[in-house]
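Engineer: What follows is a single structure, and I will ask about it in a moment.
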């Protein structure tokens, strides 16, 4: 079971990552001035199915592409979702409370995938090589 503290710990462990507080002190995590994951402000496209209120607990993770987005959404439809606003945009959403259904390994994969989607190619390739992963980063 993971929490926002785990998200922050992993996000800030990524090379070149930093934290910025945005609207209402909501955190955003950046690499090379590009956001790779963030706590989204309430928007009219994400509503509580019971009350109809705007969701205040949506966290967004960038992903590499639409194929990766589809994979995450299909893998855990009870945890990950999207909205019309994000149609055609490489990102997935999760309610912060649903992080309790995610284990540490899955969270690491999610955060590192988000970081890889936004990091400069050389930095990403270097990190992948350090991890013993595919050095052919595109």
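Engineer: Please order 82, 51 by the number of other Cβ within 10 Å, starting at the fewest. Could you put the intermediate results ahead of the total?
Structural biologist: Details: 82 18, 51 8.
By the 10 Å Cβ count, ascending: 51, 82.
Engineer: Jot down the radius of gyration and Dmax of the chain, Cα atoms only, both in angstrom.
Structural biologist: Values for the chain (Cα only, Rg and Dmax): 14.7, 47 Å.
Engineer: Starting from the Cα of residue 13, step 7 Å along the direction of its Cβ; do the same at residue 54; then give the gap between the two resulting points in nm.
Structural biologist: 3.4
Engineer: I need 76, 118 ordered by Cβ neighbour count within 10 Å, fewest first. Please list the in-between numbers first.
Structural biologist: Values: 76 17, 118 20.
Fewest to most other Cβ atoms nearby, the residues stand as 76, 118.
Engineer: Here's something else I'd like to know. Determine the calculated [θ] at 222 nm for the chain from helices alone, applying -39500 (n - 2.57) to every DSSP H run no shorter than 4 residues and normalising by the residue count; nearest 500 deg cm²/dmol.
Structural biologist: On the way: 4 runs with 45 residues, N = 138.
It comes out at -10000 deg cm²/dmol, rounded to the nearest 500.
Engineer: From the P(r) of the stretch 10-77, can you give the percent of Cα pairs sitting at distances over 15 Å? If you can, show how the numbers build up before the last one.
Structural biologist: Values: 1438 of 2278 pairs.
Here the long-distance tail beyond 15 Å is 63 percent of all Cα pairs in the stretch 10-77.
Engineer: Also: Just to confirm the number: angle between the C-alpha axis of helix 104-118 and the first principal axis of the chain, 0 to 90 degrees, nearest 10?
Structural biologist: Roughly 70 degrees, rounded to the nearest 10.
Engineer: Between 0 and 90 degrees, rounded to the nearest ten: what's the tilt of helix 121-130 against the longest Cα principal axis of the chain?
Structural biologist: The helix 121-130 is inclined about 70 degrees to the chain.
Engineer: With everything on Cα atoms, drop me the angle between helix 4-13 and the longest principal axis of the chain, reported from 0 to 90° to the nearest 10.
Structural biologist: 20
Readers should treat all values here as calculations from the given coordinates under stated rules, not as data from a laboratory. Since this is a predicted model, take the numbers as computed values, not measurements. In this analysis, Cβ positions are derived from the backbone assuming ideal geometry, glycine residues included, and neighbour counts consider all displayed protein chains.
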